[in-house]
1. Across region 88-112, what is the total count of residues that are touching a helix residue (DSSP H, G or I) at 6+ places or on another chain (Cβ under 7 Å) and of a type in the set (Phe, Trp, Tyr)?
2. Restricting attention to region 141-189, and to residues there that are within 20 Å of GLN75 (Cα to Cα) and of a type in the set (S, T, N, Q), which single residue is most open to solvent (accessible area, probe 1.4 Å)?
3. Which helices (runs of 4 or more DSSP H) does region 1-100 wholly contain that include 2 or more residues that are modelled with pLDDT of 85 or more and surrounded by 14 or more Cβ atoms within 10 Å (Cβ to Cβ)?
Amino acid sequence: MQRRHNRLLCLMVWNLVVWMSATTFAGRLAAQAQSQVAASPQGDQQAQIEKGRQVVAQACATCHTMGIMRMVQAQKNNTPEDWRDTVYSMIGRGAEILPDEIEPLTAFLVASAATKGPAAGQAPGGGRGGARGAGDQQAPEAADGKAILQRTCQQCHDAAMATKKLPSEDWNAVIAKMMTYGAKLTPAEQQKLIEYLKSM
């Protein structure tokens, strides 16, 4: 009878030890999992953005050689869906972006658009665009065209790029193409800008 009692006591102690060990181990696992869940999204997001930065350097910069960040910041009101649509649009135009690069690139564009960039309409380097003097004597139409160029075109392009075109191109066609890329101009502003560009 005593032996049976001792065995029963040993079994109860053994069960208690196993239960306490299992409870402690489960608690540690739960805490570890919770800390990983808490830390993961931010670290994951940062990794996505960094991968997106590399995609920009490898895939986007081949065509958008200058002012790519100005272009991104000019579209700061875009939603993540808008940026994803832009990425798909660029793929449709021949950008070599792999399927697993779409989300990181979108994350990078969203994050970059949210950062503060050059003021809209500000000429790069504070060049002749902001200087007063002989340029102030221009006809009102030319002054309007120049202001439209600085306000609209130079959000994405520097002055040299914004005023250049291929000899075979027509300014009407160039401006129409820019409108499809998101340039916002009224018909009257388009006309003034075209006249100004032709006069240069």
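The values are calculated or read from the model by the stated rules, or taken from the named source; none is laboratory data. All values derive from a computational prediction rather than experimental measurement. Every residue, glycine as well, gets a Cβ built from its backbone with ideal geometry; the counts of neighbours run over all protein chains shown. Remember, those area values only see protein heavy atoms, side chains included, never the ligands or the DNA or RNA. Shrake-Rupley method; radii C 1.70, N 1.55, O 1.52, S 1.80 Å.
1. Number satisfying all stated conditions: 1.
2. Taking the candidates together, the pick is THR180.
3. Those helices (runs of 4 or more DSSP H) span 2-55, 80-92.
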